[in-house]
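What follows is a set of notes on a single structure, which appears directly below.
The values are calculated or read from the model by the stated rules, or taken from the named source; none is laboratory data. Nothing here was measured: the structure is a model prediction, and the numbers come from that model. Note that we place each Cβ from the backbone using ideal geometry, even for glycine, and neighbour counts take in every protein chain shown. In case anyone asks, the SASA skips ligands and DNA or RNA and just uses the protein heavy atoms, side chains included. Shrake-Rupley method; radii C 1.70, N 1.55, O 1.52, S 1.80 Å.
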Amino acid sequence: MIQRFIELGAGYSDLYELIETSKANAHRVSRFLILETDIDGRSMSSFAVVMQPTDPGQFQAIYLCLEGIPAGETKRRQLFQELSESLEKPMIALNVKSSGEFAEKELYYQYLTGILRMNRYLPAWQ
C-alpha cells in the first residue's frame, strides 16, 4: 500500500478546501487529525484527513494543511471538529515535532507516517 501526504497549503483558505474535500469524499474518510507543534515559541496546528485506501490501487491519501493555524480553540478548529462529528469519524490530536526540524519535507512525512503507524492510525505496509 502506498501512503502519501498531500499538502494543500498552510493558510486559512486551504483548511476550507480540506473541509470541502472531506465532505465530497465522506465515504472515504477514515479519521481526522490535529497535529500540534511549537514553532519559534508559538503553538501551531496542522489539520489532516486520513482517507481509506483506494480500490484498486491501494493508495492511501492523507490530506494536510501544514502548521498554518494557531493552536487552541479557534473557529477553524471548531469547524473541523464539527465535520468530524457530522461524519461520525474520530478526531485525534497529537503533539509532534515541527517540519522545520527536518532537513527535507520527505523526512518529516516519514516521521509522521511512523508515528501514525505506531499508534495504529495508519495500517502498516501490506
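Scan the range 68-89 for residues that are in a strand (DSSP E or B) and open to solvent by 30 Å² or more (accessible area, probe 1.4 Å) and the total you get is 1. Looking only at the range 55-67, decide whether some residue is farther than 18 Å from THR37 by Cα, of a type in the set (A, V, I, L, M, F, W, C), within 13 Å of the chain's Cα centre (by Cα) and part of a loop (DSSP other than H, G, I, E, B). No, there is no match, as no residue in the range 55-67 is farther than 18 Å from THR37 by Cα, of a type in the set (A, V, I, L, M, F, W, C), within 13 Å of the chain's Cα centre (by Cα) and part of a loop (DSSP other than H, G, I, E, B). Taken over the range 25-43, the criterion of being touching a residue at least 40 places away in the same chain (Cβ under 8 Å), surrounded by fewer than 20 Cβ atoms within 10 Å (Cβ to Cβ), closer than 19 Å to GLY9 by Cα and not β-branched (Val, Ile, Thr) is satisfied by GLU36, ASP38.
In this structure, is SER22 at pLDDT 95 or above, in contact with a Phe, Trp or Tyr (Cβ under 8 Å, 6 or more places away or on another chain) and either over 17 Å from ILE115 (Cα atoms) or open to solvent by less than 30 Å² (accessible area, probe 1.4 Å) (or both)? So SER22 fits the description; yes.
Listed by first and then second residue, the pairs with beta-carbon distance under 7 Å, at least 6 apart or on different chains, first residue in the range 103-118 and surrounded by 12 or more Cβ atoms within 10 Å (Cβ to Cβ), second outside any helix (DSSP H, G or I) and among the polar types (S, T, N, Q), are THR113/GLN3. Under 6 Å between Cβ atoms, at least 6 apart or on separate chains: pull out the pairs that start in the range 1-15 with a residue that is farther than 14 Å from ILE69 by Cβ and end on any residue that is open to solvent by 80 Å² or more (accessible area, probe 1.4 Å) and polar (S, T, N, Q). From residues that are farther than 14 Å from ILE69 by Cβ, the pairs are MET1/GLN126.
Any residue that is β-branched (Val, Ile, Thr) and either in a loop (DSSP other than H, G, I, E, B) or in contact with a Ser or Thr (Cβ under 6 Å, 6 or more places away or on another chain) (or both) - is there at least one of those in the range 9-21? No, every residue in the range 9-21 fails to be β-branched (Val, Ile, Thr) and either in a loop (DSSP other than H, G, I, E, B) or in contact with a Ser or Thr (Cβ under 6 Å, 6 or more places away or on another chain) (or both).
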